[in-house]
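Where a number appears in this text, it was derived from the coordinates with a stated rule and is not lab data. Small disclaimer: the values here were computed from a predicted structure and weren't measured. Here Cβ is always computed from backbone atoms with ideal geometry, including for glycine, and neighbour counts include all displayed protein chains.
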Amino acid sequence: MMVRKVFSLFILWMCVVASILGEKVQAQGEGRKLILRIVSAETGQAISDVICSVWDSTHRRTAFAQTNHEGLVTFTILPHDHALSFALLGYKKRELLLASPELSVERATIRLESEEIKLREVHIKAPPITSHGDTLRYRVKAFAGAQDRYIEDVLKKLPGIQYNRENEILRFSETKPPEGGKRNRLK
């Protein structure tokens, strides 16, 4: 008798679970399939790696995917979904309501316009002297002047090199600070 009650409860529980799962599957099945091809507005060529997102009415992302090498992406649109957005660096971001005429068909082509990216100007200032192990590297342009015609003229300006009267290099010394008056300690 006890086994029969447990078995009956188990069957009842399985029916409830199957009913709940069946409703979820049915709710998911209510969505419509949407196949999109994303192309360049200028050239008409497919654009790969576009991030396509599905949004609900509270502006929460419910799904997203990237276009493949043919510019294709597929979604199952559920009843609570509200809009689609498309984003890729170098193209204007585009948003469309699912109720728009463009998306009323199962297969749609979305055109993205290219957008110029403006970067701010960057200035890189290299140090005049760098070290690599026991080797010093001089950036010659930092020591060359408008009047310097020969490399000898520039060599005379390099810090740490001493010359005699015949302009022969006597020795290299780390004691003389580079131009600017501050001694840079080399690693």
> Local charge sum around E106 (other residues, Cβ-Cβ under 9 Å, Lys/Arg +1, Asp/Glu -1)?
Replying inline: +3
> Rg to Rh ratio, the stretch 49-152, alpha-carbon atoms and Kirkwood radius?
Replying inline: 1.43
> What residues of the stretch 30-54 lie in the reach of a label at S104, counting those whose backbone N is under 19 Å from a point 7 Å from the Cα along Cα→Cβ?
Replying inline: 32-37
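First check a/c for the stretch 48-98, with a ≥ b ≥ c the square roots of the eigenvalues of its C-alpha gyration tensor; if it is under 1.5, answer rounded, and if not, answer prolate when a/b is larger than b/c or oblate otherwise. Before the final figure, lay out each step's value.
Values: a/c = 2.54, a/b = 1.54, b/c = 1.65.
Oblate, because a/c is 1.5 or more while a/b does not exceed b/c.
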> Given labels modelled 7 Å from the Cα in the Cβ direction, how far is it in nm from E121 to H69?
Replying inline: 4.2
>> Would any residue of the stretch 61-85 have its amide N under 14 Å from a label point 7 Å out along Cα→Cβ of K33? List them or say none.
In response: 73-77
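Just to verify a number: FRET efficiency for K156 and L89, C-beta to C-beta distance, R0 = 45 Å, to 0.05? Intermediate values should be presented prior to the final figure.
Working: r = 50 Å, r/R0 = 1.12.
Taking R0 as 45 Å, the efficiency between K156 and L89 is 0.35.
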> FRET efficiency for R137 and H82, Cβ-Cβ distance as r, R0 = 45 Å, nearest 0.05?
Replying inline: 0.15
> For F64, which sequence-distant residues (separation of 5 or more, or a different chain) have an amide H within less than 5 Å of its own amide H, given hydrogens modelled in the peptide plane?
Replying inline: V54
